[in-house]
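The structure appears right after this line, and notes come after that.
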Amino acid sequence: MNNLNSARNKFSIERLYLNSDTTVDFAIAYKDACGGTGNCFWSLYTTNKNSTASLTYVGMIPASAFELSEVTDQGFKRIKGIWKNSGANNGSCSVYAFKQGKYKQIKSGTYSAKDSSNCDSLDE
């Protein structure tokens, strides 16, 4: 049990559903590698109930926050990641789509506290 508690203290783990197979998928970040503005490098893993492998790595999203889209590619939801710059009043946003077995960046933009429309316009 101590090893499990130790892992919980070192990693941020988000449960999500990247595709429609009804199994839980995961985004995992190593907390020590996250920055002061909350930016982390989130490793994405799917659970395949038809495979002997328990988790399959499907990509990495650099973000302080991310959201799943209803738009899908090859059965997997698109992901929008938000990266905050220091001061957190501006940053960048990227959209990732599932292509050839991994999530890949397909669009990007910047935002400021005064104008987030560049990120909003990435939604399709």
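Worth a mention:
- Looking only at the range 14-27, and only at residues there that are farther than 22 Å from G91 by Cα and modelled with pLDDT of 90 or more, the one that is surrounded by the fewest Cβ atoms within 10 Å (Cβ to Cβ): R15
- If you check S43, S51 for being in a strand (DSSP E or B), of a type outside the set (A, V, I, L, M) and either within 17 Å of the chain's Cα centre (by Cα) or at pLDDT below 95 (or both), only one passes: S43.
- Within the range 28-56, the only residue that satisfies the criterion of being surrounded by 15 or more Cβ atoms within 10 Å (Cβ to Cβ) and touching a helix residue (DSSP H, G or I) at 6+ places or on another chain (Cβ under 9 Å) is C40.
- Counted residues, the range 63-82 - those being crowded, with 17+ Cβ neighbours inside 10 Å, farther than 16 Å from K102 by Cβ and touching a residue at least 40 places away in the same chain (Cβ under 8 Å): 1
The values are calculated or read from the model by the stated rules, or taken from the named source; none is laboratory data. Treat the numbers as computed from the prediction; the structure is a model and nothing was measured. Glycine also receives a Cβ, built like all others from the backbone with ideal geometry; neighbour counts cover every protein chain displayed.
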